[in-house]
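The values are calculated or read from the model by the stated rules, or taken from the named source; none is laboratory data. This is a predicted model, so every value here is computed, not measured. Because the Cβ atoms are built from the backbone with ideal geometry, glycine has one as well, and the counts that use them run over all protein chains shown. The area values use the complete protein model at the heavy-atom level, side chains included, leaving out ligands, DNA and RNA. Shrake-Rupley method; radii C 1.70, N 1.55, O 1.52, S 1.80 Å.
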Amino acid sequence: MIAMAQTAVRREKRRLLILGGTGEAAMLASEADKRFGAKLHVVTSLAGRTKQPAPLAGETRIGGFGGAAALAEYLRGDAIDLVIDATHPFAAKISAAARAACEVADVPRLVLVRPVWRPQAGDRWIEAADAPAAAKIVPEWGTRVFLTVGRRDLPAFAGHPDCWFLIRLVEPPPEPLPFRTENFELIVARGPFTADAERALMLRHGIDIVVAKASGGAGTEAKLIAARELNRPVILLRRPPIEPGQVAERIEEALQWIERALDSLDAAADKVT
Ligand code: NAP
(Lines give C-alpha, C1' and ligand atoms only; values in the text may rest on other atoms or scores of the structure.)
Protein backbone atom coordinates (compact mmCIF):
# COMPACT_ATOMS: atom_id res chain seq x y z
CA MET A 1 0.00 0.00 0.00
CA ILE A 2 1.25 3.45 -0.85
CA ALA A 3 0.29 6.16 1.63
CA MET A 4 -1.57 9.19 0.31
CA ALA A 5 0.37 12.45 0.46
CA GLN A 6 -1.44 15.14 2.44
CA THR A 7 -1.31 17.56 -0.46
CA ALA A 8 -3.06 15.19 -2.86
CA VAL A 9 -3.75 17.45 -5.81
CA ARG A 10 -3.31 16.62 -9.46
CA ARG A 11 -0.28 18.34 -10.94
CA GLU A 12 1.18 18.28 -14.41
CA LYS A 13 4.41 16.86 -13.03
CA ARG A 14 4.96 15.00 -9.80
CA ARG A 15 8.26 15.44 -7.99
CA LEU A 16 10.53 12.57 -6.96
CA LEU A 17 13.42 13.14 -4.54
CA ILE A 18 16.20 10.56 -4.80
CA LEU A 19 18.63 10.60 -1.90
CA GLY A 20 21.78 9.71 -3.77
CA GLY A 21 25.54 9.52 -3.68
CA THR A 22 25.70 6.02 -5.18
CA GLY A 23 25.90 4.47 -8.63
CA GLU A 24 22.48 2.95 -8.08
CA ALA A 25 20.97 6.38 -7.37
CA ALA A 26 22.49 7.78 -10.56
CA MET A 27 21.15 4.87 -12.58
CA LEU A 28 17.72 5.23 -11.00
CA ALA A 29 17.62 8.97 -11.78
CA SER A 30 18.47 8.24 -15.39
CA GLU A 31 15.91 5.43 -15.78
CA ALA A 32 13.13 7.29 -13.92
CA ASP A 33 13.72 10.38 -16.05
CA LYS A 34 13.65 8.27 -19.23
CA ARG A 35 10.54 6.31 -18.30
CA PHE A 36 8.42 8.90 -16.50
CA GLY A 37 10.00 12.22 -17.56
CA ALA A 38 6.76 13.49 -19.11
CA LYS A 39 4.96 13.36 -15.77
CA LEU A 40 7.77 13.23 -13.21
CA HIS A 41 10.45 15.72 -12.25
CA VAL A 42 13.45 13.92 -10.76
CA VAL A 43 15.61 15.65 -8.13
CA THR A 44 18.70 13.91 -6.79
CA SER A 45 20.14 15.07 -3.50
CA LEU A 46 23.88 14.69 -2.81
CA ALA A 47 25.59 15.28 0.51
CA GLY A 48 28.39 17.22 -1.21
CA ARG A 49 31.24 14.89 -0.26
CA THR A 50 32.44 14.50 -3.85
CA LYS A 51 34.10 17.60 -5.28
CA GLN A 52 33.10 17.01 -8.88
CA PRO A 53 30.12 14.66 -8.99
CA ALA A 54 29.30 13.14 -12.36
CA PRO A 55 26.32 14.81 -14.06
CA LEU A 56 22.96 13.22 -13.18
CA ALA A 57 19.69 13.03 -15.11
CA GLY A 58 17.13 15.53 -13.85
CA GLU A 59 17.90 18.18 -11.24
CA THR A 60 20.66 17.92 -8.64
CA ARG A 61 20.73 19.62 -5.25
CA ILE A 62 23.81 19.48 -3.03
CA GLY A 63 24.34 19.67 0.73
CA GLY A 64 22.81 18.42 3.97
CA PHE A 65 19.26 19.40 4.88
CA GLY A 66 20.02 20.06 8.56
CA GLY A 67 18.36 17.00 10.09
CA ALA A 68 15.02 15.24 9.87
CA ALA A 69 12.79 18.20 10.74
CA ALA A 70 14.51 20.37 8.12
CA LEU A 71 14.22 17.57 5.57
CA ALA A 72 10.47 17.37 6.29
CA GLU A 73 10.27 21.11 5.68
CA TYR A 74 12.17 20.69 2.42
CA LEU A 75 9.75 17.96 1.30
CA ARG A 76 6.80 20.23 1.98
CA GLY A 77 8.40 23.39 0.62
CA ASP A 78 9.55 21.75 -2.60
CA ALA A 79 6.27 19.85 -3.02
CA ILE A 80 8.03 16.48 -3.12
CA ASP A 81 5.53 13.68 -3.82
CA LEU A 82 7.82 10.65 -3.53
CA VAL A 83 11.16 9.84 -1.93
CA ILE A 84 13.55 7.05 -2.82
CA ASP A 85 16.40 6.57 -0.39
CA ALA A 86 19.15 5.21 -2.64
CA THR A 87 22.02 6.21 -0.36
CA HIS A 88 24.94 3.96 0.52
CA PRO A 89 24.06 1.18 2.99
CA PHE A 90 26.47 2.72 5.53
CA ALA A 91 24.91 6.19 5.29
CA ALA A 92 22.65 5.47 8.27
CA LYS A 93 21.99 9.04 9.44
CA ILE A 94 20.41 10.30 6.26
CA SER A 95 18.33 7.12 5.95
CA ALA A 96 16.98 7.55 9.49
CA ALA A 97 16.27 11.23 8.78
CA ALA A 98 14.49 10.30 5.54
CA ARG A 99 12.23 7.87 7.35
CA ALA A 100 11.32 10.39 10.07
CA ALA A 101 10.84 13.24 7.59
CA CYS A 102 8.64 11.21 5.24
CA GLU A 103 6.49 10.14 8.16
CA VAL A 104 6.04 13.74 9.29
CA ALA A 105 5.42 15.10 5.77
CA ASP A 106 3.32 12.06 4.79
CA VAL A 107 5.38 11.35 1.69
CA PRO A 108 5.67 7.78 0.36
CA ARG A 109 9.24 6.46 0.70
CA LEU A 110 11.07 3.51 -0.78
CA VAL A 111 14.52 2.31 0.25
CA LEU A 112 16.63 1.02 -2.62
CA VAL A 113 19.06 -1.38 -0.97
CA ARG A 114 21.98 -3.40 -2.21
CA PRO A 115 21.46 -7.15 -1.85
CA VAL A 116 23.61 -8.41 1.04
CA TRP A 117 26.65 -10.52 0.22
CA ARG A 118 26.38 -14.19 1.14
CA PRO A 119 29.54 -16.23 1.70
CA GLN A 120 30.32 -18.95 -0.83
CA ALA A 121 32.49 -22.03 -0.56
CA GLY A 122 36.09 -20.88 -0.20
CA ASP A 123 35.27 -17.52 1.38
CA ARG A 124 37.14 -16.73 4.61
CA TRP A 125 35.10 -13.86 6.02
CA ILE A 126 35.44 -12.41 9.49
CA GLU A 127 32.72 -10.02 10.62
CA ALA A 128 33.63 -6.93 12.66
CA ALA A 129 31.18 -4.57 14.36
CA ASP A 130 32.93 -1.45 13.11
CA ALA A 131 36.29 -0.04 11.98
CA PRO A 132 37.98 -0.02 15.44
CA ALA A 133 36.92 -3.65 15.98
CA ALA A 134 38.28 -4.60 12.55
CA ALA A 135 41.53 -2.72 13.16
CA LYS A 136 42.03 -4.58 16.43
CA ILE A 137 42.01 -8.01 14.79
CA VAL A 138 43.87 -7.20 11.56
CA PRO A 139 47.32 -8.36 12.81
CA GLU A 140 45.86 -11.76 13.75
CA TRP A 141 45.11 -12.36 10.06
CA GLY A 142 47.72 -10.57 8.01
CA THR A 143 50.19 -7.73 7.62
CA ARG A 144 49.74 -6.63 3.99
CA VAL A 145 46.28 -5.14 4.09
CA PHE A 146 44.06 -4.05 1.21
CA LEU A 147 41.94 -1.40 2.95
CA THR A 148 38.77 -0.20 1.19
CA VAL A 149 36.66 1.17 4.04
CA GLY A 150 36.48 4.81 2.93
CA ARG A 151 38.33 7.86 4.19
CA ARG A 152 36.47 8.44 7.43
CA ASP A 153 37.27 5.00 8.85
CA LEU A 154 40.99 5.08 8.04
CA PRO A 155 42.28 6.57 11.33
CA ALA A 156 41.21 3.41 13.20
CA PHE A 157 43.88 1.46 11.28
CA ALA A 158 46.75 3.91 11.70
CA GLY A 159 47.94 2.39 14.97
CA HIS A 160 49.51 -0.72 13.45
CA PRO A 161 53.16 0.06 12.64
CA ASP A 162 53.76 -3.61 11.78
CA CYS A 163 51.15 -3.63 9.02
CA TRP A 164 51.38 -2.18 5.53
CA PHE A 165 48.21 -0.82 3.90
CA LEU A 166 47.14 -0.53 0.29
CA ILE A 167 44.45 2.14 0.69
CA ARG A 168 41.94 2.72 -2.09
CA LEU A 169 39.77 5.84 -2.11
CA VAL A 170 37.41 7.23 -4.76
CA GLU A 171 38.87 10.72 -4.47
CA PRO A 172 42.19 12.14 -3.31
CA PRO A 173 41.90 12.85 0.43
CA PRO A 174 41.66 16.56 1.36
CA GLU A 175 44.39 16.17 3.99
CA PRO A 176 47.36 13.82 4.48
CA LEU A 177 46.41 10.34 5.68
CA PRO A 178 47.30 9.55 9.30
CA PHE A 179 49.77 6.77 8.35
CA ARG A 180 53.56 6.77 8.31
CA THR A 181 54.78 7.13 4.72
CA GLU A 182 56.46 3.70 4.75
CA ASN A 183 53.26 2.06 6.03
CA PHE A 184 50.93 2.68 3.10
CA GLU A 185 50.33 3.30 -0.54
CA LEU A 186 47.29 5.23 -1.72
CA ILE A 187 45.43 4.50 -4.93
CA VAL A 188 42.59 6.70 -6.09
CA ALA A 189 40.14 4.85 -8.30
CA ARG A 190 36.41 4.53 -8.76
CA GLY A 191 34.81 1.13 -9.44
CA PRO A 192 33.33 -1.03 -10.66
CA PHE A 193 36.43 -3.23 -10.83
CA THR A 194 36.76 -6.69 -12.35
CA ALA A 195 37.78 -9.70 -10.26
CA ASP A 196 40.77 -10.18 -12.61
CA ALA A 197 41.97 -6.62 -11.98
CA GLU A 198 41.45 -6.98 -8.22
CA ARG A 199 43.37 -10.26 -8.15
CA ALA A 200 46.25 -8.74 -10.14
CA LEU A 201 46.32 -5.71 -7.80
CA MET A 202 46.39 -7.92 -4.72
CA LEU A 203 49.17 -10.13 -6.11
CA ARG A 204 51.23 -7.13 -7.22
CA HIS A 205 51.16 -5.72 -3.69
CA GLY A 206 51.53 -9.05 -1.84
CA ILE A 207 48.17 -8.52 -0.11
CA ASP A 208 47.39 -11.16 2.52
CA ILE A 209 44.17 -9.70 3.94
CA VAL A 210 41.31 -7.50 2.72
CA VAL A 211 39.29 -5.14 4.95
CA ALA A 212 36.05 -3.79 3.50
CA LYS A 213 32.56 -2.63 4.39
CA ALA A 214 29.86 -5.28 3.95
CA SER A 215 28.10 -2.94 1.53
CA GLY A 216 26.55 -5.66 -0.62
CA GLY A 217 25.59 -5.32 -4.28
CA ALA A 218 27.45 -6.26 -7.44
CA GLY A 219 29.40 -3.03 -7.91
CA THR A 220 32.08 -3.64 -5.27
CA GLU A 221 32.08 -7.38 -4.89
CA ALA A 222 35.01 -8.09 -7.25
CA LYS A 223 37.54 -7.80 -4.41
CA LEU A 224 35.69 -10.54 -2.52
CA ILE A 225 35.82 -12.82 -5.55
CA ALA A 226 39.54 -12.11 -5.91
CA ALA A 227 40.12 -12.80 -2.19
CA ARG A 228 38.25 -16.11 -2.49
CA GLU A 229 40.31 -17.13 -5.53
CA LEU A 230 43.53 -16.22 -3.72
CA ASN A 231 42.39 -17.82 -0.44
CA ARG A 232 42.83 -14.54 1.45
CA PRO A 233 40.74 -13.67 4.54
CA VAL A 234 38.39 -10.70 4.40
CA ILE A 235 37.35 -8.66 7.44
CA LEU A 236 33.94 -7.17 6.73
CA LEU A 237 32.53 -4.22 8.68
CA ARG A 238 28.95 -5.07 9.59
CA ARG A 239 26.30 -3.23 7.64
CA PRO A 240 23.84 -1.09 9.65
CA PRO A 241 20.22 -2.32 9.70
CA ILE A 242 17.96 -1.06 6.92
CA GLU A 243 15.42 1.57 7.98
CA PRO A 244 11.96 0.00 8.18
CA GLY A 245 9.66 0.64 5.25
CA GLN A 246 9.19 -0.47 1.69
CA VAL A 247 12.33 -1.92 0.20
CA ALA A 248 13.50 -2.71 -3.35
CA GLU A 249 16.72 -4.42 -4.31
CA ARG A 250 16.67 -3.73 -8.04
CA ILE A 251 16.26 -0.55 -10.11
CA GLU A 252 13.41 -2.15 -12.04
CA GLU A 253 11.50 -2.81 -8.79
CA ALA A 254 12.00 0.84 -7.81
CA LEU A 255 10.65 1.97 -11.20
CA GLN A 256 7.58 -0.20 -10.74
CA TRP A 257 7.10 1.33 -7.28
CA ILE A 258 7.24 4.82 -8.84
CA GLU A 259 4.63 3.83 -11.40
CA ARG A 260 2.26 2.49 -8.74
CA ALA A 261 2.88 5.49 -6.50
CA LEU A 262 2.11 7.95 -9.33
CA ASP A 263 -1.13 6.12 -10.06
CA SER A 264 -2.09 6.17 -6.37
CA LEU A 265 -1.36 9.88 -6.06
CA ASP A 266 -3.46 10.66 -9.12
CA ALA A 267 -6.30 8.45 -7.91
CA ALA A 268 -6.20 10.16 -4.50
CA ALA A 269 -6.19 13.59 -6.16
CA ASP A 270 -9.16 12.62 -8.33
CA LYS A 271 -11.11 11.69 -5.21
CA VAL A 272 -10.37 15.06 -3.60
CA THR A 273 -11.41 17.11 -6.66
P1 NAP B 1 25.36 9.87 6.74
O2 NAP B 1 26.35 9.65 7.82
O3 NAP B 1 24.11 9.07 6.74
O4 NAP B 1 24.94 11.40 6.67
C5 NAP B 1 25.59 12.44 7.35
C6 NAP B 1 24.90 13.72 6.95
O7 NAP B 1 25.20 14.06 5.59
C8 NAP B 1 23.39 13.62 7.01
O9 NAP B 1 22.92 13.80 8.31
C10 NAP B 1 22.97 14.71 6.04
O11 NAP B 1 23.15 15.99 6.61
C12 NAP B 1 24.03 14.60 4.97
N13 NAP B 1 23.66 13.72 3.87
C14 NAP B 1 23.99 12.43 3.69
N15 NAP B 1 23.54 11.98 2.51
C16 NAP B 1 22.89 13.02 1.94
C17 NAP B 1 22.22 13.19 0.71
N18 NAP B 1 22.13 12.20 -0.19
N19 NAP B 1 21.69 14.40 0.44
C20 NAP B 1 21.79 15.42 1.33
N21 NAP B 1 22.42 15.32 2.50
C22 NAP B 1 22.97 14.14 2.80
O23 NAP B 1 26.03 9.69 5.31
P24 NAP B 1 27.57 9.49 4.93
O25 NAP B 1 27.97 8.13 5.30
O26 NAP B 1 28.32 10.69 5.39
O27 NAP B 1 27.45 9.52 3.35
C28 NAP B 1 27.28 10.76 2.68
C29 NAP B 1 26.88 10.49 1.24
O30 NAP B 1 27.90 9.70 0.62
C31 NAP B 1 25.57 9.70 1.13
O32 NAP B 1 24.77 10.37 0.20
C33 NAP B 1 25.99 8.33 0.66
O34 NAP B 1 25.04 7.78 -0.26
C35 NAP B 1 27.35 8.57 0.00
N36 NAP B 1 28.27 7.45 0.22
C37 NAP B 1 28.54 7.02 1.48
C38 NAP B 1 29.40 5.95 1.66
C39 NAP B 1 29.68 5.41 3.04
O40 NAP B 1 30.46 4.43 3.13
N41 NAP B 1 29.11 5.95 4.09
C42 NAP B 1 29.99 5.33 0.56
C43 NAP B 1 29.70 5.81 -0.72
C44 NAP B 1 28.83 6.88 -0.88
P45 NAP B 1 21.98 16.78 7.33
O46 NAP B 1 21.80 16.11 8.67
O47 NAP B 1 22.51 18.17 7.42
O48 NAP B 1 20.73 16.69 6.49
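Numerical summary
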item	result
Within the stretch 157-196, trypsin sites (Lys or Arg not before Pro) in DSSP loop having at most 10 other beta-carbon neighbours inside 10 Å	ARG180
Net length gained if the chain between ALA158 and ARG190 were fully extended (0.36 nm per residue, minus Cα distance)	9.2 nm
Under 5 Å, built H, 5+ apart or other chain: amide partners of LEU40	ARG14
Residues whose placed amide H lies under 5 Å from that of SER45, excluding near-sequence neighbours	ILE18, LEU19, GLY20, ARG61
GluC sites (Glu not before Pro) within the stretch 7-98, DSSP loop, no more than 14 other Cβ atoms inside 10 Å	GLU12
THR22, THR181, THR50, THR194, reordered so the largest accessible area comes first (probe 1.4 Å)	THR181, THR194, THR50, THR22
Accessible surface ranking that places the most exposed of LYS13, LYS213 first, with a 1.4 angstrom probe	LYS13, LYS213
Ranking by accessible area, most exposed first, for ARG76, ARG114, ARG124, ARG204 with a 1.4 Å probe	ARG204, ARG76, ARG124, ARG114
Sites ALA267 and THR50 - FRET efficiency at Förster radius 45 Å, r taken between beta-carbons, to 0.05	0.70
Cα centroid separation, the stretch 9-32 to the stretch 224-247 (Å)	27 Å
Using θ = phi - 60° and Karplus 6.51 cos²θ - 1.76 cosθ + 1.60, couplings along the stretch 92-102 (whole Hz; Gly, Pro as x)	6, 5, 5, 5, 5, 5, 5, 4, 4, 5, 5
Separation in nanometres of the label points that stand 7 Å from Cα toward Cβ, at VAL170 and ALA96	2.2 nm
